[in-house]
Amino acid sequence: MNCANDDENRIPNFPESNMSLIHGDSQKSWRLVEVIDDYSDETDDFFITADCVSDDVYTFMANKEVEITYGKVLCFDHLDEGLFSADHEQFSATLKMIGDPESIYLSFGRGYANEDHTVFGSTFSSYRLSELSEDRMVFSHSNSGIIGDYHEAYIFEAIEVLE
């Protein structure tokens, strides 16, 4: 095993100065193109797949907030049993600086509520920024700390803005 090679492939810390690649100093829109989740069961009500998020638009703002514009396919449409119906899809996300040394994390939550908001469910977690370029970013949980060895990850691609 080559230790130097492991160091080259280790997920780096991304300081706050890298935020501008994410939000473009104002706002920047991204698509979630791949979801990796080796731990959840596809029969789990909170299992999020690329199918239900690929037509959403995620806009990352300079104030570290994230807005979503839902596409036609929602993640929890299949929940429609009495009180446990997903009448309203919910989303929340923010960028945060966590750790010592600090690195960029995405706190990401997705869920649903029924029509009268008496029953709801959600999934929420924080994912470390693991890869970043002008047109691609990966937020993940990685047991090994090695780039590409992801067991849970959200992979985003920037949306080109036509002028």
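The values are calculated or read from the model by the stated rules, or taken from the named source; none is laboratory data. Keep in mind that what you see is a predicted model, and the values were worked out from it rather than measured. Cβ placement follows ideal geometry from the backbone for every residue including glycine, while neighbour counts extend to all protein chains displayed.
General observations
- The test for being surrounded by 13 or more Cβ atoms within 10 Å (Cβ to Cβ) and at pLDDT below 75 holds for Ile48.
- Enumeration of residues in the range 61-73 that are closer than 16 Å to Gln27 by Cα and in contact with a Ser or Thr (Cβ under 8 Å, 6 or more places away or on another chain): Met61, Ala62, Lys64, Glu65, Val66, Glu67, Ile68, Thr69
- Within the range 130-148, being surrounded by fewer than 17 Cβ atoms within 10 Å (Cβ to Cβ) and farther than 18 Å from Ala158 by Cβ holds for Asn143, Ser144, Gly145, Ile146, Ile147, Gly148.
- The range 90-163 holds strands (runs of 3 or more DSSP E) entirely within its bounds, and those carrying 3 or more residues that are modelled with pLDDT under 80 and over 10 Å from the mean Cα position of the chain (by Cα) map to 103-113, 120-132.
- Test for Phe108: is it aromatic (Phe, Trp, Tyr) and closer than 19 Å to Asn9 by Cβ: no
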